[in-house]
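Take this structure, written in structure tokens, and hold onto it; I'll ask about it next.
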Amino acid sequence: MANRKIIPARAISGPVILPGDKSISHRYAMLAALAKGASRLQHFSAAADCQSTLDCLKRVGVKIDRTDSAVRITGAGLHGLQRSRRDLDAGNSGTTMRMLTGILAGQEFDSTLTGDASLRRRPMRRVIDPLTQMGAEIHSGHNGVAPLKIHGRKLAGIDYTLPVPSAQVKSAILMAGLFAEGDTEVTELVRTRDHTELALEEFGIKVGRFERTLRVTGGAELRPRDLTVPGDLSSGVFFLAAALILPESSLVLHDVGLNPTRTAVLDLLAGWGVPISLLSVRESGGELIGDVAIRHSPVEGGEIAGDEVAQLIDELPMLAALGPFTEKGIEIRDAKELRVKESDRIAVVAENLRRLGAEVEERPDGLRVGGRSAGKLHGAEIETHGDHRIAMAFAVAALGAEGPSKILDAGCADVSFPGFFEVLEKIVER
């Protein structure tokens with residue numbers, strides 16, 4: 001994929017329309033496929049990951065029509081999916097693979113789920129184990145990696161406590177629970193994003209909620225829905241960070257998802273002294289949406305650790321790359337999960353920050369990034385390792401460096417944000 005040259009800037013300003021939320025798009029598509037009838041999903045994510053979900057659903061017999069503004073999915077009902085003659089390719093999408101495994105485990109046919117080289121290295125045992133307890137038969141590669149050979153069969157409900165915080169695993173179990181006999185309960189020790197629970201309710205499924213435990217009952221029918229996907233706050237974080245890096249910046253992100261399980265980054269930045277305003281907040285499809293306004297200000301920085309890590313897992317690469325522009329620097333702990341994402345994000349973030357001249361200490365479960373007092377950054381060649389969030393995070397950090405930088409394999413940003421560099425360039429002032 002093409003490289004991208006980044007020229008330093010003095011400010012960013014203007015309104016930004018973000019792509020549709022990736023997490024919500026995945027879930028709406030899968031549940032619409034299980035409903036009986038046509039659903040219309042407006043502002044569906046154009047990300048490659050979400051296209052992987054649509055492609056897999058087509059291969060199991062779901063009719064999907066896509067235009068520039070919406071996706072129309074004609075669902076086959078809970079028991080209307082069909083066996084694919086070919087392997088289902090999840091591309092780079094861990095969400096597609098883990099959540100579809102939950103759905104396919106309860107079918108009356110066999111399936112094989114695979115993905116690209118990066119996805120085939122990512123851990124799938126965490127979803128295989130609970131599904132096996134429900135009666136699924138799933139064969140994987142060495143150490144529980146893809147490809148996954150799923151022998152569909154009847155499932156039984158279980159009570160399961162998540163050993164590692166993971167919205168994807170929780171979602172896979174709840175979706176498998178739609179096909180299981182009896183009740184399926186999932187308990188979280190650390191709260192994760194709740195898009196699946198909200199989406200299930202929008203599609204007509206009753207979700208029991210008891211403190212940190214969720215319950216679904218198998219066999220209930222899903223109803224088709226017309227829904228609008230909110231803008232992706234995880235994508236918006238790159239623009240918020242750019243506004244904090246570049247003086248004289250002022251920015252408004254429009255129609256952003258403000259789900260409380262996703263806004264920890266706004267709370268964190270506000271706690272670090274950043275002036276953030278939420279405007280026109282309203283509810284749509286069970287999700288909160290609104291506008292986010294920010295202006296440049298000094299950023300205190302500080303520690304990210306413990307339970308808040310699970311709420312910030314997607315934003316951590318950008319927050320780490322923001323570290324050299326903060327007053328105190330940033331320390332990230334308890335984030336070992338970053339080592340098994342699209343890349344080893346701890347190692348890759350540390351490597352690229354050092355290339356830019358930042359002061360970095362890498363640790364097994366995180367890193368410590370020095371603040372402004374460690375000196376200014378300089379232009380460098382950035383290795384993305386094919387990781388979309390690394391490409392975007394360091395494109396933003398490079399805006400505040402002295403001298404141009406080059407982002408290698410910058411096209412990997414399309415995995416979650418097609419057109420990211422074009423959107424960024426439109427609001428940059430030099």
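The values are calculated or read from the model by the stated rules, or taken from the named source; none is laboratory data. Predicted model only: the values in this text are computed from it and were never measured. Every residue, glycine among them, receives a Cβ derived from its backbone with ideal geometry; neighbour counts consider all protein chains shown.
Here is a yes/no grid of residues against (1) aliphatic (A, V, I, L, M); (2) closer than 20 Å to Gly91 by Cα; (3) not assigned by TED's automatic domain parsing to the domain that holds His26:
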{"position": "Thr112", "(1), (2), (3)": "no, yes, no"}
{"position": "Arg122", "(1), (2), (3)": "no, yes, no"}
{"position": "Asp129", "(1), (2), (3)": "no, no, no"}
{"position": "Gln133", "(1), (2), (3)": "no, no, no"}
{"position": "Gly157", "(1), (2), (3)": "no, no, no"}
{"position": "Lys170", "(1), (2), (3)": "no, no, no"}
{"position": "Ala176", "(1), (2), (3)": "yes, no, no"}
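Restricting the stretch 37-76 to residues that are over 22 Å from the mean Cα position of the chain (by Cα) and at pLDDT below 95, which is nearest to His388 (Cα to Cα)?
Here the residue is Thr67.
Here's a follow-up. Within the stretch 266-321, which residues are among the small types (Gly, Ala, Ser), farther than 30 Å from Glu202 by Cβ and out of contact with any helix residue (DSSP H, G or I) (no Cβ under 6 Å at 6 or more places or on another chain)? First the steps, then the outcome.
Restricting attention to the stretch 266-321, the residues satisfying the condition of being among the small types (Gly, Ala, Ser) are 270-271, 273, 277, 280, 284-286, 290, 293, 297, 301-302, 305-306, 310, 320-321.
The next check asks that each one be farther than 30 Å from Glu202 by Cβ; those that pass are 271, 273, 297, 301-302, 305-306, 320-321.
Residues satisfying the conditions are Gly271, Gly273, Ser297, Gly301, Gly302, Ala305, Gly306.
I'm trying to understand the selection: among the residues of the stretch 1-24, which are among the hydrophobic types (A, V, I, L, M, F, W, C) and in contact with a Pro (Cβ under 8 Å, 6 or more places away or on another chain)? Break it down stepwise before answering.
Within the stretch 1-24, the first condition is being among the hydrophobic types (A, V, I, L, M, F, W, C), and the residues that meet it are 1-2, 6-7, 9, 11-12, 16-18, 24.
Within the stretch 1-24, Ile6, Ile7, Ala11, Ile24 qualify.
Right, something else. Give me the residue from the stretch 24-66 that is polar (S, T, N, Q) and touching an Asp or Glu at 6+ places or on another chain (Cβ under 8 Å) and, out of that set, surrounded by the most Cβ atoms within 10 Å (Cβ to Cβ).
Ser45
Now for a different question. Can you find even one residue in the stretch 31-38 that is assigned by TED's automatic domain parsing to the domain that holds Asp387, among the small types (Gly, Ala, Ser) and outside any loop (DSSP other than H, G, I, E, B)?
no
When you go through Gly208, Gly231, Gly204 one by one, which is the residue that is surrounded by fewer than 19 Cβ atoms within 10 Å (Cβ to Cβ) and in contact with a Leu (Cβ under 6 Å, 6 or more places away or on another chain)?
Selected residue: Gly204, the only one of Gly208, Gly231, Gly204 that is surrounded by fewer than 19 Cβ atoms within 10 Å (Cβ to Cβ) and in contact with a Leu (Cβ under 6 Å, 6 or more places away or on another chain).
Can you tell me how many residues in the stretch 168-190 are more than 18 Å from His79 (Cα to Cα), among the aliphatic types (A, V, I, L, M) and part of a loop (DSSP other than H, G, I, E, B)?
The qualifying residues number 2.
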